[in-house]
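The values are calculated or read from the model by the stated rules, or taken from the named source; none is laboratory data. All values reported here derive from a predicted model rather than from experimental measurement. Here Cβ is always computed from backbone atoms with ideal geometry, including for glycine, and neighbour counts include all displayed protein chains.
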Amino acid sequence: MERRDETIMDIMKEAGRLLYLLRHAKSDWGEPATPDIDRPLAPRGRKAARAMGRYLKNSGISPELILCSPARRTRQTLELIAEVWGVAPKVSFEPWLYAASASTLLANLQALPPRAVSAMLIGHNPGMEELAATLAGTGADLARLRDKFPTGALAALEVPDWRRLAPGCAELVTFVVPRDLS
């Protein structure tokens, strides 16, 4: 079956679970004294977040649950995406997501409710990039994902179920970076 003509949600109906990993958009480093957790988005990041919101809307992506780091830049990314996206899934701001390692992210994903068929994490590197590269065993854009997971990037992974998440278990269905949306 050719997936190019299907939306990601169509693929999900056939699959076990869909995991979306979204790295926050580009942050502003203009005030070096600002604590890391309080750094806002840069103008370029704000533009990229809105573009990602359009992509999510046009692709029919609607995760049941969004887990978001409490950092200012992740919250702003979510707010700007939501303005365009028009989706109102359940959102939970999770302190464990801030600066989380790939192993912390994996452990928390494995604890998701089994009935949830899709979830999105909005977080930070290097944990997000390491998790995506670890889970993805196949996929057309796998080399590109492993090369760089830039700010504002989205990886959509088809996974068997939350409890069986393990290295190489997922198929990378989509990898989109802000530059792709220009």
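For E158, the conditions (1) assigned to a strand (DSSP E or B); (2) free of Cβ contacts under 8 Å to residues at least 40 places away in the same chain all hold with the exception of (2). Residues considered: S27, S59, S69. Of these, the only one that is hydroxyl-bearing (S, T, Y), surrounded by 15 or more Cβ atoms within 10 Å (Cβ to Cβ) and farther than 24 Å from L112 by Cβ is S27.
Do the conditions hold for A49, that is, is it in contact (Cβ under 8 Å) with a residue 40 or more places away in the chain, part of a helix (DSSP H, G or I) and among the small types (G, A, S)? The answer is yes for A49. Across the stretch 85-98, a minimum of one residue is classified as modelled with pLDDT under 95 and of a type in the set (F, W, Y). The condition of being more than 20 Å from A25 (Cα to Cα), in contact with a Pro (Cβ under 9 Å, 6 or more places away or on another chain) and surrounded by 17 or more Cβ atoms within 10 Å (Cβ to Cβ) holds for only one of L135, L109, that being L135. If I ask for residues that are part of a helix (DSSP H, G or I) and out of contact with any Ser or Thr (no Cβ under 9 Å at 6 or more places or on another chain), which ones from the stretch 84-102 would you list? Matches in the stretch 84-102: V84 only.
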